[in-house]
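Have a look at the structure below before the remarks.
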Amino acid sequence: MAVTRDIFGRIDGEAVSRFTLTNRAGLAARFIGYGATLTELHLPDRQGRMADVVLGFDRIEDYRASDAYMGATCGRYGNRIQAGRFSLDSRPYALSLNEGRNHAHGGLRGFDKRIWSGEPGTDGNSVIFTLRSPDGEEGYPGTLDARVSFALTDANELTIEMTAHSDRPTIANLVHHSYFNLAGHGSGDVLRQELRIAAAGYTPVDRELIPTGEILPVAGTAFDFSAFKPIGRDIERVPYPFGHAPNAGGYDHNLVLAGAAGTMRPVLQARDPVSGRAFDLATTEPGLQFYTGAELNDAVPGKGGARYGRYGGFALETQKFPNSPNVPSFPQARLDPGETYQHGMRFRFHTV
């Protein structure tokens, strides 16, 4: 295993560090302190040919300008909160509004737009990012100390561990927001790549992508990935609330994952039949936001000049449910002093 460090760029004169993790098989992952972001992930196909399978940018300025959250850690609350409002102990809180009338992914300057402190882990195969979010930032109560560790093992696993502590009652839902294209970033759409997801239900949404509060079965719907199927097979059947954006469509919904939340369990398999690249995903979280990138566009070139168009990548955001603080029946995101917020993800890469 090897961990190297260099400078990716500067923001307002402050250096943004980049860390590269490489294992014995040649798998490599790169991360930057801006947004605690995964910028590159190099995996072999079934012939051993390497490709970078996550979308991203070559310049720090493009990460700063983008609102696509490519590879970023989103927080303090990933996903959406209706009207940017919630209450704790009968006390109301108002958050910044950055998606129309709603709050999304932590607000105007969420964790994805902050420079995290980063250091190599003492185990020699990880990088650890830390961030302090002050009381009142984006409207959230309490000073929150967040920590995200990324580790790449010789077993071809990438683990992500997100933890946080607060000095006051607050809410926390850190979310990892990489976009994957197993054929290689910039290789076109992902509609022929295949997923299998252990989810029996999903949370339908209104035209602003806020859950209605219902949980409906996936059986017989476009959300049924109980057996492997191409991402694009049923994409035109997705009951997307048209009117959200001119180019809206596809999947951008929370799936209710099988198994006990709080325990690391397998929930998803992904594969590209052409290249053979594949991974299995396990998580501790109750939900998965499956987003197929309908609103991706090529206005800003990606890495190496790549053009990321509609459906150019898929995001798998394990999470508490969107708008959980306002829906008592959903898994709750409250974090009290003395408690530890914990969110784990584990990717196991292989070929088929």
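If you check PHE19, PHE31, which single one turns out to be under 22 Å from the mean Cα position of the chain (by Cα) and more than 15 Å from ASP112 (Cα to Cα)? Walk me through how you get there before you give the answer.
Values: PHE31 fails: more than 15 Å from ASP112 (Cα to Cα).
It is PHE19.
From the residues in segment 269-296 that are under 22 Å from ALA51 (Cβ atoms) and polar (S, T, N, Q), which one is surrounded by the fewest Cβ atoms within 10 Å (Cβ to Cβ)?
So in segment 269-296, the residues under 22 Å from ALA51 (Cβ atoms) come out as 269-281, 291-293, 296.
If we keep only those that are polar (S, T, N, Q) too, we end up with 269, 275, 292.
Details: GLN269: 19, SER275: 22, THR292: 25.
The qualifying residue surrounded by the fewest Cβ atoms within 10 Å (Cβ to Cβ) is GLN269.
Test each condition in (1) over 20 Å from VAL175 (Cβ atoms); (2) out of contact with any Lys or Arg (no Cβ under 9 Å at 6 or more places or on another chain) for TYR291 and report the one that comes out false.
With respect to (1) over 20 Å from VAL175 (Cβ atoms); (2) out of contact with any Lys or Arg (no Cβ under 9 Å at 6 or more places or on another chain), TYR291 is out only on (1).
Just the residues that are part of a loop (DSSP other than H, G, I, E, B) and in contact with a helix residue (DSSP H, G or I) (Cβ under 8 Å, 6 or more places away or on another chain), please, taken from segment 322-350. Please lay out each step first, then the result.
Here is the first cut: in segment 322-350, the ones part of a loop (DSSP other than H, G, I, E, B) are 322-323, 327-333, 336-340.
The answer is ASN323, PHE330, PRO331, GLN332, ALA333.
For segment 321-330, indicate whether the set of residues that are aliphatic (A, V, I, L, M), touching a residue at least 40 places away in the same chain (Cβ under 8 Å) and within 28 Å of GLY56 (Cβ to Cβ) is non-empty.
No.
Could you run through segment 123-160 and say how many residues are of a type in the set (D, E, K, R), within 27 Å of HIS42 (Cβ to Cβ) and out of contact with any Lys or Arg (no Cβ under 8 Å at 6 or more places or on another chain)?
The initial filter retains those residues of segment 123-160 that are of a type in the set (D, E, K, R), namely 123, 132, 135, 137-138, 145, 147, 154, 157.
Filter again for within 27 Å of HIS42 (Cβ to Cβ), leaving 123, 147, 154, 157.
Then drop every residue that is not out of contact with any Lys or Arg (no Cβ under 8 Å at 6 or more places or on another chain), which leaves 123, 147.
Adding up the residues that qualify gives 2.
Taking the criterion of being under 15 Å from PHE225 (Cα atoms), part of a loop (DSSP other than H, G, I, E, B) and either free of Cβ contacts under 8 Å to residues at least 60 places away in the same chain or out of contact with any Phe, Trp or Tyr (no Cβ under 7 Å at 6 or more places or on another chain) (or both), would at least one residue in segment 280-299 satisfy it?
no
Among the residues of segment 331-338, is there at least one that is more than 20 Å from the chain's Cα centre (by Cα) and more than 26 Å from GLY84 (Cβ to Cβ)?
Checking segment 331-338: at least one residue is more than 20 Å from the chain's Cα centre (by Cα) and more than 26 Å from GLY84 (Cβ to Cβ).
Inspect all residues belonging to segment 302-321 and state whether any of them is of a type in the set (A, V, I, L, M), closer than 24 Å to GLU157 by Cβ, in a strand (DSSP E or B) and modelled with pLDDT of 95 or more.
Quick first cut of segment 302-321, residues of a type in the set (A, V, I, L, M) only: 306, 315-316.
Of the ones still in play, those that are also closer than 24 Å to GLU157 by Cβ are 315-316.
Subsequent filtering for residues that are in a strand (DSSP E or B) retains 315-316.
Subset that is modelled with pLDDT of 95 or more: 315-316.
Yes, that holds for at least one residue.
From the set of residues in segment 116-141 that are touching a residue at least 60 places away in the same chain (Cβ under 8 Å) and under 17 Å from GLY84 (Cβ atoms), which is surrounded by the fewest Cβ atoms within 10 Å (Cβ to Cβ)?
Filtering first and then ranking leaves GLU138.
When you go through GLY305, GLY309 one by one, which is the residue that is over 15 Å from the mean Cα position of the chain (by Cα) and under 21 Å from ALA29 (Cα atoms)? Explain how you work it out, then say what you get.
Numbers: GLY309 fails: under 21 Å from ALA29 (Cα atoms).
Result of the check over GLY305, GLY309: GLY305.
Condition test on TYR308, is it surrounded by 24 or more Cβ atoms within 10 Å (Cβ to Cβ), within 19 Å of THR39 (Cα to Cα) and touching a Phe, Trp or Tyr at 6+ places or on another chain (Cβ under 9 Å)?
The answer is yes for TYR308.
Considering only segment 29-44, state which residues are surrounded by fewer than 20 Cβ atoms within 10 Å (Cβ to Cβ), in contact (Cβ under 8 Å) with a residue 24 or more places away in the chain and touching an Asp or Glu at 6+ places or on another chain (Cβ under 8 Å).
Of everything in segment 29-44, just one residue is surrounded by fewer than 20 Cβ atoms within 10 Å (Cβ to Cβ), in contact (Cβ under 8 Å) with a residue 24 or more places away in the chain and touching an Asp or Glu at 6+ places or on another chain (Cβ under 8 Å), namely GLU40.
Which one is surrounded by the fewest Cβ atoms within 10 Å (Cβ to Cβ), of the residues in segment 3-15 that are closer than 29 Å to ALA155 by Cα and in contact (Cβ under 8 Å) with a residue 40 or more places away in the chain? Spell out how you get there, then give the answer.
Taking segment 3-15 first, the residues closer than 29 Å to ALA155 by Cα are 3-8.
Applying the additional criterion that residues be in contact (Cβ under 8 Å) with a residue 40 or more places away in the chain yields 3, 5, 8.
Numbers: VAL3: 17, ARG5: 12, PHE8: 21.
Among them, the one singled out is ARG5.
Against the definition (modelled with pLDDT under 95 and either among the β-branched types (Val, Ile, Thr) or more than 27 Å from GLY304 (Cβ to Cβ) (or both)), how does GLY124 come out, yes or no?
On the way: modelled with pLDDT under 95: yes; either among the β-branched types (Val, Ile, Thr) or more than 27 Å from GLY304 (Cβ to Cβ) (or both): yes.
When the stated conditions are applied, GLY124 passes them.
The values are calculated or read from the model by the stated rules, or taken from the named source; none is laboratory data. Computed from a predicted structure; not experimentally measured. Heads up, the Cβs are rebuilt from the backbone with ideal geometry, glycines too, and the neighbour counts pull from every protein chain shown.
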